[in-house]
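Below is one structure, written out as structure tokens; comments come after it.
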Amino acid sequence: MNRIFSKQTGEEHKARKTIMEAVYLSLFIFLFLILILSGTSNLASTALRVSAVAQGLIGVAALISFIFSRRGYTMVGAYFLPYGILLLTFVLINVTGVGSINALFFVTIIVIAGVTAGIRGVVLFAALSIASAIGLYFAQANGLLTNKSPVSFVTPAITIAHILGDSFGLFFLIRIFNKNLHSALDANQELRKLQASLEQRIAERTRDLEIAAQVSRQITRVLDMDILLPELVEKTRQGFNLYYVSLFLYDQQNEELLLEVGTGKEGALIKSEAKSFHLTARPSLVAQVARERKAEIINDITKSDIHFFNPHLPDARAEAAFPMLVGDELVGVLDLQSETVGRFQEGDSQIFSTLAEQIAIAVRNAQLYRQQEHVAQELERTDLMKSRFLASMSHELRTPLNAIINFTQLIAMGVAGPVTEEQVTMLNTSLSSSRHLLQLINDVLDISKIQAGKLNLYIEEDVNLNEEIKAVVDMAAPLLQKQNAGLEQPIQFIQDIDHDLPLTACDRRRTRQVLLNLLSNAIKFTEQGSITLSAKKKGAEFIFAVMDTGPGIPQAMHARIFEPFVQATDDIKHSQGTGLGLPISRSLIQAHGGDLWVESKMGEGTTFFFTLPFRPSTTQ
Amino acid sequence: MNSQKPVLVYVEDDENSILVMKMVVERIMGLPTLYVLKSRADFVQQVKGLGVVPDVFLLDIQMEPYDGVELLSMLRGDPQFNQSKVIALTASVTNEEVSLLKSGGFDGAIAKPLNIEAFPGLIAKIIKGERVWHIT
């Protein structure tokens, strides 16, 4: 019974369950046929009743056995059904005394047992059936069975003969069936094994690809060849379980292959011997692969005359080399050596070829990166030199000029002795020229800083723009006076300024510089009419405007006046500026996040506008 | 403190600048003398060797071997000159430099070339204790 109750293997269970289900179905059909056939004979009424009850009971037995088989106890289920039917047979025979169909019942039971429970079922139920037939025979002979119906009786002998014949037939059928079932199961098992080994191979290939992918990822991340390549060959060697991995780079100019890196101590050793050879070198697998630009595998180096034996690699047994190509261009060769004869197979070849391609791209990238880095360093150096030059210019050029200005001033003041009026005039001219030169130097330094991107603002919080405007107006006053001195009708200076401009963050000095530049320009170019300075706050910004009634600037010059060293007029009298004031001013305002522009009409005048963003104090 | 005749010390490596300052201080401002010292490690010793306590130090910024900022910290390191007025003289007035001077503890800065007309007034303001940033 242990075997019966033990859970079955999935395969067996499934097979038997299918059979059981088929049997239950055919049984119902069989009983239904009896029902139909018996309808025409005189057995009708009894057979009808028997059949109906039998169908019901078999249904119950089938259900119970089906439940068992569902739970995996197929054998229990298989035994349950014939048992149930056997019991039913006894009951029916005893109750109805219908002997004519008992043989049929017995045979049915054995068939069911055979199909569902196998050979053991056939033997067991055949024995039980024979025993019950004999039992019936004796029961009838001794009058224990009270005949309730007058139906003719088929002798137990016939029943036994039936049972025996059918049992043997079934026995052999089942044996054949079981054999087939087992061979089918065996075949299935074989298939499983095959599948498993296939899965393992897929796993291995996946792992190889993963290593290749890992190496590739590494490749794209690291741009420094000195870091990248040693890691790369080591990863490849470990990942693919190889003896030695090395990379040769191709020197196009000399047609030479140079060992760039090799794994382990051997790699360092071989590299220290400065291993490089010409493209035509023989024997050399690497050189051949480089020449032909085609991967080559030597799975047994003893049978090859291309392999170059390296005394540092005594355990090499197989070698494979793959060209590193970017497009058609040879970057180098990836060389792999293994201690195992026959290490490199078809599948490997593809992976390594792809890997070699990836490395080629990486090396090319790294080479380009190296070049770029070199250029960047060069630029940085130039930049640094430029900065130093600017700083020293600023000091070295100004120091002597400062002396000139101050001495001239002192002499003109009479500090070093009396000077004539004529001398004072000359000294003052010299002084203003010196100051102009100083301004020029300052402007050139400013524009150089702007062009070098080195102009930094010094932002102060809470700058009072009203104060700054006043300071600029004060500074411009002498210029205006001087201009007015040569005019019949003095220029009117109008201020249209909001008196409570809110405090804002800005570069005070630079803001002054811009405003002074615009004002002095206006004074310089205006000979009649007025100059209006306005400053208002509008939304989130301040708008400044310097409007004059000068000659105006032709439309074509509106953009050009903001280019360095360009002036709107060729008039020598007016060309005293540096030509840098406007470009510097615009850059300073733009650095603040504002804008500076011009509106002008020939003959009517010019207005320069600029905006400064309003930046209230952040610390309260 | 000598409020009548203030004592000025000037540290500068450019001869011409020294000459200009001497003329301005001695001839225009009419002070007896301008003390000129060298940018050296013994700067504080030099000051002490003068025999008078200076009212105002005028330090050039771009000097070798010690620049004005370093000299200032030497001065501030000595309790005797903790309260002395120290003014930076500078030719290149970049924004970075000005913020450096302000945060460095200078009491003011005066731009080069010297504005000779304004200079005496600035010194008077400094001695009164005002901070002077005459750098535009």
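The values are calculated or read from the model by the stated rules, or taken from the named source; none is laboratory data. If you're wondering where the values come from, they're calculated on a predicted model, not measured in any experiment. Using ideal geometry, Cβ is built from the backbone for each residue, glycine included, and neighbour counts are taken over all protein chains shown.
What the table shows:
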| item | result |
| --- | --- |
| In region B:98-121, the residues that are more than 9 Å from chain A (Cβ to nearest Cβ) and either within 21 Å of B:SER39 (Cβ to Cβ) or among the hydrophobic types (A, V, I, L, M, F, W, C) (or both) | B:LEU100, B:LEU101, B:GLY104, B:GLY105, B:PHE106, B:ASP107, B:GLY108, B:ALA109, B:ILE110, B:ALA111, B:ALA118, B:PHE119 |
| In region A:385-415, residue farthest from the other protein chains (Cβ to nearest Cβ) [restricted to those that are under 19 Å from A:SER433 (Cα atoms) and among the hydroxyl-bearing types (Ser, Thr, Tyr)] | A:THR408 |
| A:ILE211 of a type outside the set (Phe, Trp, Tyr), loosely packed, with under 11 Cβ neighbours inside 10 Å, within 25 Å of A:GLY342 (Cβ to Cβ) and not assigned by TED's automatic domain parsing to the domain that holds A:SER353 | no |
| Test result for B:VAL86, in contact (Cβ under 8 Å) with a residue 12 or more places away in the chain and either basic (Lys, Arg) or under 27 Å from A:ASN442 (Cβ atoms) (or both) | yes |
| Residue in region B:59-74 that is surrounded by fewer than 14 Cβ atoms within 10 Å (Cβ to Cβ), free of Cβ contacts under 8 Å to residues at least 12 places away in the same chain and within 12 Å of chain A (Cβ to nearest Cβ) present | no |
| Top-ranked residue of region B:1-30 - restricted to ones that are more than 14 Å from chain A (Cβ to nearest Cβ) and more than 14 Å from the chain's Cα centre (by Cα), ranked as nearest to B:ASN115 (Cα to Cα) | B:LYS5 |
| Every pair of residues 6+ apart whose Cβ atoms lie under 8 Å, when the first sits in region A:487-514 and is more than 14 Å from chain B (Cβ to nearest Cβ) while the second is of a type in the set (Phe, Trp, Tyr) | A:LEU501/A:PHE542; A:PRO502/A:PHE614; A:THR504/A:PHE542; A:THR504/A:PHE614 |
| Filtered residue count, region A:452-462, keeping only those that are away from chain B (no Cβ under 13 Å) and either free of Cβ contacts under 8 Å to residues at least 24 places away in the same chain or among the β-branched types (Val, Ile, Thr) (or both) | 1 |
| Members of region B:47-62 that are under 16 Å from B:GLU12 (Cα atoms) and either out of contact with any helix residue (DSSP H, G or I) (no Cβ under 9 Å at 6 or more places or on another chain) or at pLDDT below 85 (or both) | B:GLN62 |
| From the options A:THR618, A:THR532, A:THR607, residue that is modelled with pLDDT under 90 and among the β-branched types (Val, Ile, Thr) | A:THR618 |
| Any chance A:GLU422 is surrounded by fewer than 18 Cβ atoms within 10 Å (Cβ to Cβ), more than 10 Å from every other protein chain (Cβ to nearest Cβ) and part of a helix (DSSP H, G or I) | yes |
| Verdict on A:LEU440 being over 23 Å from B:VAL24 (Cβ atoms), more than 10 Å from chain B (Cβ to nearest Cβ), exposed (fewer than 13 other Cβ atoms within 10 Å of the Cβ) and among the hydrophobic types (A, V, I, L, M, F, W, C) | no |
| Condition met for A:LEU445 (touching a residue at least 40 places away in the same chain (Cβ under 8 Å), over 58 Å from the mean Cα position of the chain (by Cα) and either crowded, with 18+ Cβ neighbours inside 10 Å or assigned by TED's automatic domain parsing to the domain that holds A:CYS506 (or both)) | no |
| Flag for A:GLU346 being exposed (fewer than 14 other Cβ atoms within 10 Å of the Cβ) and without any contact (Cβ under 8 Å) to a residue 40 or more places away in the chain | yes |
| Test: residue in region A:226-241 that is in a strand (DSSP E or B) and either out of contact with any Gly (no Cβ under 7 Å at 6 or more places or on another chain) or free of Cβ contacts under 8 Å to residues at least 12 places away in the same chain (or both) | no |
| Criterion: hydroxyl-bearing (Ser, Thr, Tyr), in contact with a Leu (Cβ under 7 Å, 6 or more places away or on another chain) and more than 14 Å from chain B (Cβ to nearest Cβ) - qualifying residue of A:SER349, A:SER338, A:SER353 | A:SER338 |
| Qualifying residues in region A:288-306 (those that are assigned to a helix (DSSP H, G or I) and within 37 Å of the chain's Cα centre (by Cα)) - the one surrounded by the fewest Cβ atoms within 10 Å (Cβ to Cβ) | A:GLU292 |
| Hits in region A:514-540 (condition: under 21 Å from A:ILE589 (Cα atoms), buried (at least 19 other Cβ atoms within 10 Å of the Cβ) and of a type outside the set (A, V, I, L, M)) | A:ASN517, A:SER520, A:ASN521 |
| Count - residues of region A:318-340 that are part of a loop (DSSP other than H, G, I, E, B) and at pLDDT 90 or above | 1 |
